[in-house]
Amino acid sequence: MSTYPWPTDPPDARHRAAFADATPKPFWTDRLPARDPYPPLEGGAEADLCIVGGGFTGLWAALHAKADDPGRDVVVLEAERIAHGASGRNGGFAVASLTHGIENGMARFADEMRTLERLAHENFAGLVDSVREHAIECDLELTGDITVALEPHEEEWLAEAAELYREFGHEVELLVGEEIRAEIGSPLYRAGLWDRTDVAMVDPAKLAEGLARAAAGLGVRIHEGTRVESIASAGGGVEVRTTRGPVRARGALIATSAYPPLVRSIRRYIAPVYDYVLVTEPLDAERREAIGWRRRQGVSDAANQFHYYRLTDDDRILWGGFDAVYRFRGPVDDRLDDDEEVFAGLAQRFFTTFPQLEGVRFTHRWGGAIDTCSRFSVFFGTAHRGRVAYAVGYTGLGVAASRFGARVGLDLLDGRETEATRLRYVRRRPVPFPPEPLRSAVIQLTRNRLAAADRNQGRRGIWLRTLDRLGLGFDS
């Protein structure tokens, strides 16, 4: 008898009605207080360091650069508005891991995992300290997160994961049967693994705005509405060419996430995959009591196609994930942020998970591109004879890891050798994706086989096993 938890019938009118009036904009950025924009570049500029991208990586890099040398002249260029991209569209899970989880790290960097885990926890502590130092009000809650099992074979996975995480010093709790359902009230839950170590929930847009304010307060020049078109070597430095004039700098750091990369070689390694999110209206006291969830952990389920969800500070539920949508040639465009069929499926599975919330409406819906790479974690490199560095490829777990990525990218740019820059994790790039049209064919076939594995007790067929051997994991 199949234990597959999700409906096989298509979403119906009730599911579509639940999000019909939702604002097609990220909840996080929609509720930011109004402010004057940072001025666009006018005519050109000179700087010691030019950072391309006003998301987490770029803003952390600006703060690191000023901490290293308060006199360093730093410019940040953002095409739209601070946190317009992935930094303002994610679920707000700040997870310490630099390797997209210990399991993924062990599959790729087993000999370095002790070091990578230690660096991850040091980086997480630095993030928390920075939030407090700069008085950033970003609703940070040190809740940990729970991975829930919806099928019997996933219970076995969680038991194995519990032992692995304990081996690496994590405080974890395995909740089985009524224990997990008493923690969070879903009839689908069979077990849950609560990792209490260095996982926080944040408002990502508030965090990004706070980082920008802190950087500007240290003298960093931030220019919104300034789109970069190309980067070229110029004398002993680089020229960053924008729609509003050039910036000549000694060096540049690229922090563009899934957007078209300014260094051509990066394109081989990044596949922009779209993820979609719904946010409910605030839950009233009766509905809040019906689901429990008093300790407000972040949650994800253990399947290949997984949901992630959490409570906001005003008791809404943010619900995202499951479908990872790749389109031919990997376009990144705001017009792709709204996908009714994906939202309908999300709504249907939401009410399957929480039937006691039938009738709740969604107030916000949005999508955004994730900078997926084949190893599922940030990778690094340099170009233009070392005058340009980049840190991209976080694959959805960049809220905390971006602070580390910014540090390493800046160290590479400055020629600074550190414990991190000596790691194979930093020195090697992921396995590249094939060119189109083969790229689309491979990704779509892989998505199909991952879904099939979920319907078949997690058994990975020959295609997925082949990709595993090639280092193209695609396991989430």
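FYI, it's all coordinate maths here, none of it is from the lab. These numbers come from a predicted model, not from an experiment. As a convention, Cβ positions derive from the backbone with ideal geometry for all residues, glycine included, and neighbour counts pool all protein chains shown.
Observations
- The mean of 1/r over all distinct Cα pairs in the chain, once inverted, gives the Kirkwood hydrodynamic radius of 22.8 Å.
- In a simple Cβ point-charge model (Lys, Arg +1; Asp, Glu -1; nothing else charged), the chain has a dipole of about 1840 debye relative to its Cα centre.
- Distance between the C-alpha centres of segment 201-274 and segment 117-146: 24 Å, rounded to the whole angstrom.
- Taking only the Cα atoms of segment 4-129, the ratio Rg/Rh comes out at 1.09, with Rh defined as the Kirkwood radius.
- Applying the criteria of a DSSP loop state and at most 10 other Cβ atoms within 10 Å to the chymotrypsin sites (Phe, Trp or Tyr not before Pro) of segment 99-186 yields no site.
- Going by neighbour counts of Cβ atoms within 10 Å, the residues 113, 106, 201 line up, fewest first, as 106, 113, 201.
- Stretch gain in nm, segment residue 134-residue 118, where the contour uses 0.36 nm per residue and the Cα spacing is subtracted: 3.3 nm
- A quarter of the convex hull surface defined by the alpha-carbon atoms of segment 355-452 gives 10.4 nm² as the mean projection.
- At 1.002 mPa s and 20 °C, Stokes diffusion of segment 55-189 via Kirkwood alpha-carbon radius, µm² per second: 119 µm²/s
- To the nearest ten degrees, helix 152-167 and the longest principal axis of the Cα atoms of the chain are 50 degrees apart.
- Annotation for segment 319-340 versus segment 32-76: alpha-carbon center distance of 29 Å.
- Distance between modelled label sites at residue 216 and residue 295, nm, 7 Å Cα→Cβ extension: 4.0 nm
- Once both labels are positioned 7 Å from their Cα atoms along Cα-to-Cβ, the gap between residue 160 and residue 13 label points is 4.6 nm.
- Hydrodynamic radius by Kirkwood, which averages 1/r over all alpha carbon pairs of segment 222-302, in angstrom: 17.4 Å
- With Cα atoms, 0 to 90° folded angle of helix 56-68 axis to the chain main axis: 50 degrees
- Ordered by the number of other Cβ atoms lying within 10 Å of each residue's own Cβ, fewest first, 342, 399 fall into the sequence 342, 399.
- The antiparallel fraction among DSSP beta bridges confined to the chain stands at about 70%.
- The GluC sites (Glu not before Pro) of segment 305-404 that meet both conditions, a loop assignment by DSSP and at most 15 other Cβ atoms within 10 Å of the site Cβ, are 358.
- Helix-only arithmetic for the chain: the sum of -39500 (n - 2.57) across DSSP H runs with n ≥ 4, divided by the residue total, places the mean residue ellipticity at 222 nm at -10000 deg cm²/dmol.
- When each of the peptides 94-101, 67-74, 383-390 is scored by the mean number of other C-beta atoms lying within 10 Å of its residues, the order from highest to lowest reads 94-101, 383-390, 67-74.
- Estimated distance in nm for a label pair at residue 469 and residue 68, the labels positioned 7 Å out from Cα along Cα-to-Cβ: 4.3 nm
- Helix 113-133 vs. the chain, principal-axis angle (Cα, 0 to 90°, nearest 10): 80 degrees
- Considering all different alpha carbon pairs of segment 156-253, the Kirkwood hydrodynamic radius works out to 18.5 Å.
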